[in-house]
Structure formats: structure tokens, C-alpha cells
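> Below you'll find the structure I mean.
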Amino acid sequence: MSANINLPRILRVGAGASAELAATLAELGFSRPFVVTDPFLVQQGFCERVTAPLDAAGIVWRLFGDCVPDPTTGSVTAALEQLQRGDHDCLVALGGGSSLDTAKAVAVLAQHGGAMADYKVPAQVHSGLPVIAIPTTAGTGSEVTRAAVITDTASNEKMLCMGLGLVPVAALVDFELTLSMPHRLTADTGIDSLCHALEAYVSRKANPFTDSVALTAMRSIYRNIRIACAEPDNRAAREAMMLAATQGGIAFANASVTLIHGMSRPVGAHFHVPHGLSNAMLLPEVTAWSVSGAPQRYAHCARVMGLAETADTDALALDKLVAGLRQLNADLAVPGPREYGIDQALWHSSLELMAQQALDSGSPANNPLVPEAADIVALYERVWAA
Ligand SMILES: NC(=O)c1ccc[n+]([C@@H]2O[C@H](COP(=O)([O-])OP(=O)(O)OC[C@H]3O[C@@H](n4cnc5c(N)ncnc54)[C@H](O)[C@@H]3O)[C@@H](O)[C@H]2O)c1
Ligand SMILES: [Fe+2]
């Protein structure tokens, strides 16, 4: 059986890559960019860092600087209206996954009209205006994926939209943009990347291409995440984390995510937990439940991350994997749902709906052990009690 791999046409990776925007636009034949980012990144000068070279090159651009975390249909509509006031041939998405996904959604609606709900899975997005993605977190991998996650303002559902039309045409992956990330953001976005790599490797849709990038990403993230959190200026750790985030994105975009992401989206939507943090809350318990579905693969992950020895039996490696992930959460001060401030009664009364929304996203069906709704409810309960 063959594997289908989708990637951006241009990947510029390394220090200073984001300063190459004007050259990238020229290479692609675009000249009228619409820049999409969030207020913090405008205020902190990130936007100017990217647009100053455009000014110097005589490229006229316009800005939407009001992206919100976990983008909503409301914020996407505001960005679309702003884009339609000008004449643009591409979008430049600067920021974390929220800004990148906002730009992707706007790119689709600008070309095809309709509402974002029309494009949620199982619908497929085939095309949209071209997006050049410049990530500032390491990260969601959205710069290379064919996914966008938009919350429906009316129903609070985190809608997963997928398709070739959501793959950015170019990604400028510059770790120097991540040196300013505070501890919590570094930890949460780093664990998001680790989940992408781990889930892609154990996914039922894994293939030899995605396996190689997933394992490389996993090894690198596990070795560097604590360093990047403790020493924000450590360029080597930041560079490793950024590259691994993009590799994790390549892996999951072409092998899919599984149960952790499936269960994480409803937690984010119902309780406003940042995406990486809700993944982190779920990672150890969901892994403990899932290992029996692919023991050799999970044991290999433990060895690759340095949690288990080559000589360990698979059973011992699996124990060490789960213990190692619990320890990682403790070291990175990941709060459980209770510590995060979620109301216990509300958590428990939401579980049936959250389990159904997790299943509806399709991601749990890729898990090595495929859950039923009752299994997911039990897992949410275990995560609360952990
Ligand atoms: N499309 C995909 O493939 C995909 C994959 C995973 C997650 N996501 C989505 O991505 C979103 C989460 O993205 P995220 O975790 O990157 O965070 P984010 O984009 O929501 O940003 C979080 C905060 O960090 C700030 N920030 C960003 N870069 C910074 C930097 N370098 N220094 C300091 N602060 C910075 C932002 O201004 C914002 O306030 C969620 O909506 C999630 O659903 C998408
Ligand atoms: Fe993610």
C-alpha cells in the first residue's frame, strides 16, 4: 500500500528564515500580501520584524492583527471582512497555531465563501488563497499541516477542518522567533509537538515516511524540552524544538493524530484550556490505556526518547514510558483539570458530550486501541483523578 504525503512547496528552516519573506513572495510570484497575526505579536514588534523587509522591498501589505487564541468563527469573519476591503493575492500567517489557523480559514472562505462549518470533517478543503506561514511557537506544526481548528462561536464546538487546500504554500521556520516564549507556553507547545510525533508513530495510518520524522522529532523534543523551559535563551535547544515541531507537524499531517488529540479538542472548547496544555493533561493516562494496542511501537518510543534501555523487555519499556511521561508533566508543572480550576460537577456532567465530540472528530479511530464512548468517559474520569 502506498502512503500519500503532502508538504508545502517551500520550507525555509533556520535562524533568520523569517527575514526571507520578500524573497519567498518573489519566488512564488505574489506581491499583495495580507498579514494575519495577533495583538501581542504586533505589540512586541514581531509583526514589524517581518513587515519591515517588505516595506524595504516596496511590497504593499495590509494587516489583520486581532487573532484570538483558539480562533473562533467570529474572529475569522472579522479577518475575512478586513481582507475583502483590499486586493490580495496571498496571506502571510505570523504567530502560533491560532494565527496560522485563522489565516488558513480566511484563505478558504475568501475563495469559496460559505461558513466554516461547511468545511469541517468529513468535508475536504481542496483549495484556498495561498498562505505563507511563519510560526512563532514550537509548536502546533500548522505551518506544514492540512488542518485548521476553528471553534464555532455558536455551539462551542472545536471544528476540525482538513484538506490539501489548507497546506501552506510556504513555511518560514525560524527558531529565533521562539526565544521570547515564556516557560508555560514553551512547555505546552512543546508537549503538543511531542503528542503529534507520538500519536503519528502509533497511528493506524503511520507509514515509513512519517515514522522516520516522528521518531526524530520525539527524540529531539524529549531531550530538549526541559532545557528550553529552564534556559529560554538556549539557542541550541530552541532550534532543536522548532525543527522537531515542524517534523511533528509533517508526521501527524500525513499519519493523523489519535486519541489524545481527539479527547483534547473538547477539553479546550468546553473549559478554555490552551491546546498544548489539554494534550499534556491527557498524555500519560491515554498512553497508559493505549499501549496494549501497539506494545512494540510504544516500547520503541520509550527507547528512542531514552526512557528505556535497549535491553529492557517491551513490558518494562512500557512501564517506563508511562512513568516517564508522568514525570515530564510533573517537571513541567502541568496542572490537572482540578488544579487548572475546572469545576468538578461541570467536568463530570460534560463527559458524555465530550466523548461523543471526540469520536465525531474521527481521530480516536486511528488509535492503536480503538475506544468506545464509555472508554473515553472512563479516561476523562481517570485524568480528573490522576
Ligand atoms: N492546524 C493544525 O495543524 C493545528 C495543530 C495543533 C494545534 N492547532 C491549533 O493551534 C492553536 C494553538 O496554537 P499555539 O499553541 O501555537 O498558541 P497560540 O497561537 O494560541 O498562542 C498562544 C499565546 O502565545 C503568544 N505567543 C505566540 N508566539 C509567541 C512568542 N514567540 N513569544 C511569546 N508569546 C508568543 C500569542 O500571542 C498568544 O497570546 C489551537 O487553536 C489549536 O487548536 C492547530
Ligand atoms: Fe496539536
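> Taking the range 175-187, which residues are of a type outside the set (A, V, I, L, M, F, W, C) and surrounded by 23 or more Cβ atoms within 10 Å (Cβ to Cβ)? Please lay out each step first, then the result.
Taking the range 175-187 as the starting set, the residues that turn out to be of a type outside the set (A, V, I, L, M, F, W, C) are 176, 178, 180, 182-184, 186.
Across the range 175-187, the qualifying residues are Thr178, Thr186.
Matching residues to (1) open to solvent by 10 Å² or more (accessible area, probe 1.4 Å); (2) charged (D, E, K, R); (3) part of a loop (DSSP other than H, G, I, E, B):
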position: Ala228; (1), (2), (3): no, no, no
position: Ala244; (1), (2), (3): no, no, no
position: Gly249; (1), (2), (3): no, no, no
position: Phe252; (1), (2), (3): yes, no, no
position: Val273; (1), (2), (3): no, no, yes
position: Ser278; (1), (2), (3): no, no, no
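> If we only count helices (runs of 4 or more DSSP H) wholly inside the range 295-356, which ones have 3 or more residues that are in contact (Cβ under 8 Å) with a residue 40 or more places away in the chain and over 15 Å from Phe271 (Cβ atoms)? Walk me through how you get there before you give the answer.
Values: elements: 295-304, 314-331, 337-340.
Passing ranges, in order: 295-304, 314-331.
> Scan Leu41, Leu54 and give me the residue that is surrounded by fewer than 19 Cβ atoms within 10 Å (Cβ to Cβ), assigned to a helix (DSSP H, G or I) and not charged (D, E, K, R).
Details: Leu41 fails: surrounded by fewer than 19 Cβ atoms within 10 Å (Cβ to Cβ).
When all the criteria are applied, what remains is Leu54.
> Here are some conditions: (1) closer than 22 Å to Leu91 by Cβ; (2) in a loop (DSSP other than H, G, I, E, B). Leu177 meets all but one. Which one does it not meet?
Result: Leu177 fails condition (2) only.
> Answer yes or no as to whether Arg265 is within 21 Å of Gly362 (Cα to Cα), within 14 Å of ligand 1 (Cβ to nearest atom) and part of a helix (DSSP H, G or I).
Values: within 21 Å of Gly362 (Cα to Cα): yes; within 14 Å of ligand 1 (Cβ to nearest atom): yes; part of a helix (DSSP H, G or I): yes.
Spelling it out, Arg265 is indeed within 21 Å of Gly362 (Cα to Cα), within 14 Å of ligand 1 (Cβ to nearest atom) and part of a helix (DSSP H, G or I).
> Restrict the check to the range 57-71 and report whether at least one residue is open to solvent by less than 70 Å² (accessible area, probe 1.4 Å) and part of a helix (DSSP H, G or I).
Here is the first cut: in the range 57-71, the residues open to solvent by less than 70 Å² (accessible area, probe 1.4 Å) are 57-59, 61-65, 67-68, 70-71.
So of that shortlist, the ones also part of a helix (DSSP H, G or I) come out as none.
Within the range 57-71, not a single residue is open to solvent by less than 70 Å² (accessible area, probe 1.4 Å) and part of a helix (DSSP H, G or I).
> Out of everything in the range 208-226 that is small (Gly, Ala, Ser) and touching a residue at least 12 places away in the same chain (Cβ under 8 Å), what residue ends up being surrounded by the fewest Cβ atoms within 10 Å (Cβ to Cβ)? Give the derivation first.
Keep residues of the range 208-226 that are small (Gly, Ala, Ser), which gives 212, 214, 217, 220.
Among the residues that remain, those that are also touching a residue at least 12 places away in the same chain (Cβ under 8 Å) are: 214, 217, 220.
Values: Ala214: 29, Ala217: 30, Ser220: 24.
Ranking the candidates gives Ser220 first.
> Scan the range 280-294 residue by residue and report those that are part of a helix (DSSP H, G or I) and away from ligand 2 (no atom under 16 Å from the Cβ). Outline the logic, then answer.
Residues of the range 280-294 part of a helix (DSSP H, G or I): 280-293.
Residues satisfying the conditions are Pro284, Glu285, Ala288, Trp289, Ser290, Val291, Ser292, Gly293.
> Do you know which residues across the range 72-109 are of a type in the set (Gly, Ala, Ser), within 13 Å of ligand 1 (Cβ to nearest atom) and outside any helix (DSSP H, G or I)? Please lay out each step first, then the result.
Here is the first cut: in the range 72-109, the ones of a type in the set (Gly, Ala, Ser) are 74-75, 78-79, 86, 93, 95-99, 103, 105, 107.
Checking the rest, the ones that are also within 13 Å of ligand 1 (Cβ to nearest atom) come to 75, 93, 95-99, 103, 105, 107.
Result: Ala93, Gly95, Gly96.
> Looking at the range 363-386 only, could you name the residues that are open to solvent by 30 Å² or more (accessible area, probe 1.4 Å) and not in a helix (DSSP H, G or I)? Don't jump to the end; show me each part of the working.
Restricting attention to the range 363-386, the residues satisfying the condition of being open to solvent by 30 Å² or more (accessible area, probe 1.4 Å) are 365, 369-370, 372-375, 378, 381-382, 385-386.
If the condition is that a residue be open to solvent by 30 Å² or more (accessible area, probe 1.4 Å) and not in a helix (DSSP H, G or I), then Leu369, Val370, Glu372, Ala386 are the ones that fit.
Residues are listed down the side, and each one gets a yes or a no for (1) in contact with a Gly (Cβ under 6 Å, 6 or more places away or on another chain); (2) closer than 29 Å to His272 by Cβ; (3) among the hydroxyl-bearing types (Ser, Thr, Tyr); (4) buried (at least 19 other Cβ atoms within 10 Å of the Cβ):
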| position | (1), (2), (3), (4) |
| --- | --- |
| Gly293 | no, no, no, no |
| Ala302 | no, no, no, yes |
| Gly306 | no, no, no, no |
| Glu309 | no, no, no, no |
| Leu316 | no, no, no, no |
| Leu325 | no, yes, no, yes |
| Ala333 | no, yes, no, no |
| Pro337 | no, yes, no, yes |
| Gln344 | no, yes, no, no |
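> Confirm whether Leu194 is out of contact with any Ser or Thr (no Cβ under 9 Å at 6 or more places or on another chain), away from ligand 1 (no atom under 11 Å from the Cβ) and either open to solvent by less than 10 Å² (accessible area, probe 1.4 Å) or not in a loop (DSSP other than H, G, I, E, B) (or both).
yes
> Sort through Arg204, Arg184 and tell me the only one that's basic (Lys, Arg) and either within 14 Å of ligand 1 (Cβ to nearest atom) or part of a helix (DSSP H, G or I) (or both). Even if it seems obvious, please write down each step before you answer.
On the way: Arg204 fails: either within 14 Å of ligand 1 (Cβ to nearest atom) or part of a helix (DSSP H, G or I) (or both).
Arg184 is the lone residue from the list that is basic (Lys, Arg) and either within 14 Å of ligand 1 (Cβ to nearest atom) or part of a helix (DSSP H, G or I) (or both).
> For a quick check of your reading of the model, give me the residue pairs whose first member lies in the range 246-257 and is farther than 18 Å from Ala133 by Cα and near ligand 1 (Cβ under 9 Å from one of its atoms), whose second is aromatic (Phe, Trp, Tyr) and in a helix (DSSP H, G or I), with beta-carbon atoms closer than 6 Å and at least 6 apart or on different chains.
none
> Just one of the numbered conditions (1) closer than 14 Å to Pro8 by Cα; (2) in contact with a His (Cβ under 8 Å, 6 or more places away or on another chain); (3) within 16 Å of ligand 2 (Cβ to nearest atom) is not true of Leu164; which one?
Unmet for Leu164, out of (1) closer than 14 Å to Pro8 by Cα; (2) in contact with a His (Cβ under 8 Å, 6 or more places away or on another chain); (3) within 16 Å of ligand 2 (Cβ to nearest atom): (3).
The values are calculated or read from the model by the stated rules, or taken from the named source; none is laboratory data. Quantities reported herein were computed from a predicted structural model and do not represent experimental measurements. Note that we place each Cβ from the backbone using ideal geometry, even for glycine, and neighbour counts take in every protein chain shown. Side chains are part of the model used for accessible areas, which takes the heavy atoms of the whole protein and leaves out ligands, DNA and RNA. Shrake-Rupley method; radii C 1.70, N 1.55, O 1.52, S 1.80 Å.
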